[in-house]
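Have a look at the structure below, then the notes.
Every number in this text was worked out from the coordinates using simple rules, so none of it is lab data. Everything numeric here is computed off the predicted structure, so don't read it as measured data. Don't worry about glycine lacking a Cβ; one is built from the backbone with ideal geometry, like all the others, and counts go over all protein chains shown.
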Amino acid sequence: MAIVAQSSKFGTYGRPVLAWAVGLLFFFPIFWMVLTSFKTDADAVKPEFLFFFTPTLENYLNMTENYDYWRFARNSVISAVSATVFTLFVSVPAAYAMAFNPSRATKDVLMWMLSTKMLPAAAVLYPMIFLAKGIGLYDTHILIITVLSLINLPIAIWMLFTYFKEIPKDIIEAGKMDGVNTWGEIKEILIPLAWGGIASTALLVFIFCWNEAYWTVRLTTIDAATLSKLIEGNRAPEGLFFGRLSAVSTAAVGPVVVLGWFCQKQLVQGLTFGAVK
Amino acid sequence: MGRIVLDKVTKSFGETQVIPPLDLTIENGEFTVFVGPSGCGKSTLLRMIAGLEDLTSGNILIDGEDATEVPPSKRGLAMVFQSYALYPHMTVRKNIGFPLRMEKMSQAEIDERVEAAAKSLNLVDYLDRKPGQLSGGQRQRVAIGRAIVRDPSAFLFDEPLSNLDAALRVGMRLEISEMHERMQTTMIYVTHDQVEAMTMADRIVVLQAGVIEQVGTPLELYHKPQNVFVAGFIGSPKMNIFSGPEAEKHGAATIGIRPEHTDVSMSEGTWKGTVGVAEHLGSDTFIHVHNTGLADMITVRISGDISVKHGDTIYLTPQAEQIHKFDAQGLRIE
């Protein structure tokens, strides 16, 4: 009895406390970043101003006036949205084909796609730069969108494949008997049934694209540069301006955090999808 | 119309041949049941007719036309799946009307046909519900409704009742039989349940390992099973089958006698044994008899009630004209 009472006490009080502790631990760097973004560069490095300081919007004003934040933001939106759309455009039919018309090679193809994620990006950095410059696509949206799509395709196909696998094959076959063509199967049956899965895949791909820094920093200079490049650019050679850097970072991660917040339900629903039977 | 001819069809999955060359003709308007143990290829055969499974070789003719390469929806057949396979995101109305919408029929005509189907299947009150809000029996009705609206030349049923509970199954069995009487459309029905096969079929196709063991009316299969497999598969309780000296007395390698064709006496008879379990059903009594020296157990079926208990000595006498004789290959001897 005592043990039962104890464990339920832990359930009531211990677990939430533990959850909050872990949550705060993870959240702290973000909190600190946001806090620092309201300090001057000088205050930002002084320990006595850790929590108590005179807040200022200077960094944000500076950012929009001097660094052309909106251009970088626009580029981020263009490349992340386009890459997400393109990724889905390819991955939905690909996952559909593998889930419902598997061949003997399907498993190997899936493994091969996953294996491309194991390749260190640095290994193909110079070939990519030379190639991009060679065909005149360096620092263009097309290049960034293509690269972002390609690096996210394996994940998207894997995720969608798992969701589609949950749909009973009978339903697709009933569709075939009822006179649906391939495109109709995708439009009338697959997308409505796997909507949660597709949405959470899209959301995840979008977040990955938005946060991508390795390639966007190295394959752009100005025209197609995204917010990652803006953050990178504020790592000034004469030292780190923490206040300024924090403001830029906050403004860069802000949109995607807000998006994730609003889509929480959809994300969870998507990840626990599987109740179509 | 709905005459279906299978002409030397075969099916292999990789190296494994699941259906060796097979010929079968299903006449227009006939209720044909494919029955056999699981894995006998009956569902595969049905799916080949539906067009959901490619043929490895051979041809399928529907109403005289080669349909081997015709896609499923163009064959004029409708299928009812074991899992119902309803579209979970659509209402009953949308589910039933879906094939018509795919045919690009006008909305007015779709509504009319859906209403008519719903009426005949007692689904009118459920038209705006989604499949998730229906019971198993109602779902199966919706699946049948989706098949009916297309006005197909033949219906294909793939174990449609096996997900229902026993009472519902009997009811739906009757409904499908009545539907066939009313529509007189060709129906092909796959089941592993020989009771369903016996009660519903005009003609039964017994399959084992992809091979047709026998084709015939239910009573033909019951009275004249062509081989030991069919003899053992059709009938409930199962036929008692045994080999040895007793079979040789009848000039056969194996003989079989149905439980209901054996007379019972407590004092005298051909075979002597002891009562194992007696199952009293009221209308009938099944007695499982051991120690006869013929087989591990012999089952007899007595009409009405009889008072026997475990361990009693009992005498069995087979009705001579009801003994089925089979040769060493397991084929029937007339």
10 Å Cβ neighbours from other chains, averaged over peptide B:70-83: 3
Proxy reagent accessibility, fewest Cβ within 10 Å first, across A:W20, A:W261, A:W210, A:W158: A:W261, A:W20, A:W158, A:W210
Residue-count net charge about B:L45 - beta-carbon cut-off 10 Å; Lys, Arg +1, Asp, Glu -1: +2
For segment B:207-284, alpha-carbon Rg relative to the globular expectation (2.2 N^0.38 Å, N residues): 1.30
Of A:K176/B:K104; B:K74/B:K104; A:K107/A:K176; A:K165/A:K187; A:K176/B:K130, pairs whose Cα-Cα distance is over 23 Å: A:K107/A:K176
Mean separation of Cα contacts under 8 Å (6+ apart) over length of chain B, as relative contact order %: 17
Charge tally in the Cβ shell below 12 Å around A:Y69, where Lys, Arg are +1 and Asp, Glu are -1, A:Y69 excluded: +2
Reachable lysines, given that their alpha-carbon falls under 26 Å from the alpha-carbon of B:K309 and they are not under 8 places away in the same chain: B:K238, B:K272
Largest to smallest principal axis extent of the C-alpha atoms in chain A, angstrom: 75, 71, 31
Distance histogram in 20 Å bins (all Cα pairs of the protein assembly as shown, percent per bin): 15, 32, 27, 17, 7, 1
Student exercise, the protein assembly as shown dipole from Lys, Arg, Asp, Glu Cβ charges, in Debye to nearest 20: 1920
Residue with peak Gaussian network fluctuation, chain A [Cα springs, cutoff 10 Å], from A:I198, A:I30, A:I78: A:I30
Rg ratio (alpha-carbon, reference 2.2 N^0.38 Å) - chain B: 1.17
Antiparallel DSSP beta bridges within the protein assembly as shown, percent to nearest 5: 75
Positive-pole candidate from A:S200, A:Y163, A:N234, dipole of segment A:68-271, charges at beta carbon: A:N234
Choice from A:T54, A:T220, A:T84 showing the highest fluctuation, given a GNM over chain A with Cα pairs closer than 10 Å: A:T54
Candidates A:T216, A:T116, A:T140, ranked by Gaussian network fluctuation over chain A, Cα under 10 Å, top entry: A:T116
Per-residue mean of C-beta atoms belonging to partner chains within 10 Å, peptide A:178-187: 4
Environment charge at A:K39 (Cβ cut-off 15 Å; Lys +1, Arg +1, Asp -1, Glu -1): -2
Residue exposure sequence - B:V211, B:V275, B:V206 - by fewest surrounding Cβ within 10 Å: B:V211, B:V275, B:V206
Segment A:68-271 - charge dipole about Cα centre, Lys and Arg +1 at Cβ, Asp and Glu -1, debye rounded to 20: 280
HN-Hα J in Hz across segment B:327-334 - Karplus 6.51, -1.76, 1.60, θ = phi - 60°, x for Gly and Pro: 7, 4, 7, x, 8, 5, 9, 7
Residues of type aspartates and glutamates that B:K8 reaches as a straight line, Cα spacing below 16 Å, ignoring anything fewer than 8 places off in the same chain: B:D23, B:E53, B:D54, B:E65, B:D66, B:E69, B:E213
Sorted peptide list for B:24-32, B:255-263, criterion being average Cβ within 10 angstrom, highest first: B:255-263, B:24-32
Mean Cβ count within 10 Å, highest first, over the residues of peptides B:100-107, B:174-181, B:89-96: B:89-96, B:174-181, B:100-107
Ranked list, fewest to most other Cβ atoms within 10 Å of each Cβ, for B:M172, B:M200, A:M33: A:M33, B:M172, B:M200
Average partner coverage of B:145-154, which counts Cβ from other chains inside 10 Å: 1
